[in-house]
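To start, the structure under review is shown below, and the notes come after it.
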Amino acid sequence: MDFDLSPELAALQQSVRQLARDKVRPRAREIDTTGEYPADLFEAFRRADLLGLCLPTEYGGSGAGILGLTVAIEEVAKYSNTAALMLLLTRLPTGPVLIAGNEEQRRRYLPGIASGSQRAAFGLSEPQAGSDVAGMRARAVPDTRAGHDGGWVLSGTKCWMSGVCQADWYTVFAKTGDPSSRRHDAITAFVVERSWDGVSVGRTDHKMGVRGVDTGELVLEDVHVPAENVIGEVGGFRLAMLGLNSMRPIVAARGIGLAEGALMYATEYVEGREAFGHTIAEFQGIQWEIAKLAVDIEAARLLTYRAAWLADQGKFTKEYVPFLSMAKYHATELAVRASGLAVQLLGAAGYMEDHPTELWYRDARQLTIVEGTSQVQLGLIARGVLGRDLWWD
Ligand SMILES: Cc1cc2nc3c(=O)[nH]c(=O)nc-3n(C[C@H](O)[C@H](O)[C@H](O)COP(=O)(O)OP(=O)(O)OC[C@H]3O[C@@H](n4cnc5c(N)ncnc54)[C@H](O)[C@@H]3O)c2cc1C
């Protein structure tokens, strides 16, 4: 057993830490205030070769794996969860292509992500179908229209899609079987290009945090999708869903980075703030809050790094789900607690926009919702225990 990062990953951690301090930290507040997409940060990530971290070298990536992306996101999330989301979006839509797609799809869609010439987004949710994906109404039927040589006609509306405005292509899920079926083999994943007829961005959301990367609707009106853009096989939702399992450590990294940033900031503040003739850092009540959070952060990091290590070995099938889900659950719930405590430790100052604490507090709230809510993760962990995939005997 070895708890050290490899020399390559330790070097990556150091370089991203520096980049995050120099480029991300000074921009975080402005991105939140203006809500404008931080193209300068995308360019900084591109120049630093961070956009292909988790993509294999044969597709133009750097092959640092899920652990590499996790380590990088943790650093960036110390200052901006919007910037962390930009890195996450190099994996969320590409995951199904990597795991279930064919060689031609990988060669066509992955190098552009690694080089930064293209961006992508992930469309699973619909207004009536978030946790309950089987309730989706987007539909794909065989294209029998004159002039089309087979393929599919895709219609429906996806919502809350992160990065929908900037994306050049989308991983989209639709029912290809009986629309009323709740079976997962009634659902198929497709790659849909933004430039195709019938593809448009609908309304974008006004959200409480993680501003700067819009979420919004993708509207699909009788879109012709060539047969070769089916990811995996028709009805192959299960394989594509493995992409989401493998994402758990990556979204967890957004939580641990945020928690670390919040605790470090609040600690420095209490060391300088005086009350009752002492700095408030001298009070035991404050110290114990700091200590409890430090324990939680280290526990979340261990869970997250283990989950990333598992995912990099292809261990994201059913028997590993509890280990992946508990990283996401623990790290994102921690982010909410940590940002709340940071606001409290700063008192009134923490509530004001003069400090980043209120921004972290708003940003953290999305982490327990996206990519499987905390309740969904608890369900998956419990299923693992009840099914003896997680057992200590
Ligand atoms: C900022 C942001 C970005 C997003 N980006 C994307 C994206 O890029 N692509 C995408 O496809 N989606 C995206 N989403 C959508 C996200 O994945 C869904 O919001 C999430 O899956 C939850 O679905 P829901 O909002 O419909 O909540 P619901 O499923 O309606 O759940 C509401 C509440 O009920 C609880 N609940 C539901 N079922 C159960 C159950 N069986 N047991 C116990 N409790 C339960 C949930 O935990 C939650 O607390 C994004 C959402 C946000 C907020």
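Summary table below
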item	result
In segment 219-271, the residues that are surrounded by fewer than 23 Cβ atoms within 10 Å (Cβ to Cβ) and not in a helix (DSSP H, G or I)	V219, E221, D222, H224, P226, G232, E233, V234, G235, G236
First in segment 60-85 and within 17 Å of E43 (Cβ to Cβ) and not assigned by TED's automatic domain parsing to the domain that holds A331, second anywhere and part of a helix (DSSP H, G or I) and modelled with pLDDT under 95, Cβ under 8 Å, 6 or more apart	none
Enumeration of residues in segment 178-203 that are buried (at least 20 other Cβ atoms within 10 Å of the Cβ) and closer than 30 Å to D363 by Cβ	A189, V191, V192
Residue in segment 355-377 that is crowded, with 21+ Cβ neighbours inside 10 Å, more than 12 Å from the ligand (Cβ to nearest atom), modelled with pLDDT of 95 or more and β-branched (V, I, T) present	yes
Odd one out for C159, checked against (1) within 15 Å of the ligand (Cβ to nearest atom); (2) crowded, with 23+ Cβ neighbours inside 10 Å	(2)
Of the criteria (1) within 27 Å of A327 (Cα to Cα); (2) away from the ligand (no atom under 14 Å from the Cβ); (3) aromatic (F, W, Y), which one W196 fails	(1)
Condition check for E103: closer than 30 Å to A338 by Cβ and away from the ligand (no atom under 16 Å from the Cβ)	no
Close pairs from segment 368-392: first farther than 22 Å from L334 by Cβ, partner in a loop (DSSP other than H, G, I, E, B) and more than 11 Å from the ligand (Cβ to nearest atom), Cβ under 9 Å, at least 6 apart	R383/D389
Matching option when the condition is within 23 Å of V213 (Cβ to Cβ) and among the hydrophobic types (A, V, I, L, M, F, W, C), among L9, L67, L50	L50
Segment 135-153: number of residues that are more than 12 Å from the ligand (Cβ to nearest atom) and not in a loop (DSSP other than H, G, I, E, B)	6
Test result for D132, more than 16 Å from the ligand (Cβ to nearest atom) and out of contact with any strand residue (DSSP E or B) (no Cβ under 9 Å at 6 or more places or on another chain)	no
Unique match (being in contact with a Lys or Arg (Cβ under 9 Å, 6 or more places away or on another chain), under 16 Å from G163 (Cα atoms) and either surrounded by 24 or more Cβ atoms within 10 Å (Cβ to Cβ) or among the aromatic types (F, W, Y) (or both)) among A84, A77	A84
Some residue of segment 108-123 being part of a helix (DSSP H, G or I), within 12 Å of the ligand (Cβ to nearest atom) and in contact with a strand residue (DSSP E or B) (Cβ under 7 Å, 6 or more places away or on another chain)	no
Some residue of segment 165-177 being surrounded by fewer than 17 Cβ atoms within 10 Å (Cβ to Cβ), away from the ligand (no atom under 16 Å from the Cβ), assigned by TED's automatic domain parsing to the domain that holds L220 and more than 30 Å from K315 (Cβ to Cβ)	no
Scan of segment 1-18 for residues that are of a type outside the set (A, V, I, L, M, F, W, C) and more than 18 Å from G52 (Cα to Cα), ordered by number	D2, D4, S6, P7, Q18
Test: A281 is surrounded by fewer than 19 Cβ atoms within 10 Å (Cβ to Cβ), in contact with a helix residue (DSSP H, G or I) (Cβ under 6 Å, 6 or more places away or on another chain) and modelled with pLDDT of 95 or more	yes
Close pairs from segment 117-133: first closer than 17 Å to P179 by Cβ, partner surrounded by fewer than 18 Cβ atoms within 10 Å (Cβ to Cβ) and of a type in the set (D, E, K, R), Cβ under 8 Å, at least 6 apart	E126/R137; Q128/R137; A129/R137
Search result, residues across segment 24-53 that are without any contact (Cβ under 8 Å) to a residue 60 or more places away in the chain, crowded, with 21+ Cβ neighbours inside 10 Å and more than 17 Å from S117 (Cβ to Cβ)	V24
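Yes/no matrix, rows are residues, columns are (1) in contact with an Asp or Glu (Cβ under 9 Å, 6 or more places away or on another chain); (2) not in a helix (DSSP H, G or I):
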position: L5; (1), (2): no, yes
position: A10; (1), (2): yes, no
position: K23; (1), (2): yes, no
position: E36; (1), (2): yes, yes
position: D40; (1), (2): no, no
position: A83; (1), (2): no, no
position: R91; (1), (2): no, yes
position: Q105; (1), (2): yes, no
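The values are calculated or read from the model by the stated rules, or taken from the named source; none is laboratory data. All figures in this text were calculated on a predicted structure; none of them were measured in a lab. Ideal geometry is used to build each Cβ from the backbone, glycine not excepted, and the neighbour counts take in all protein chains shown.
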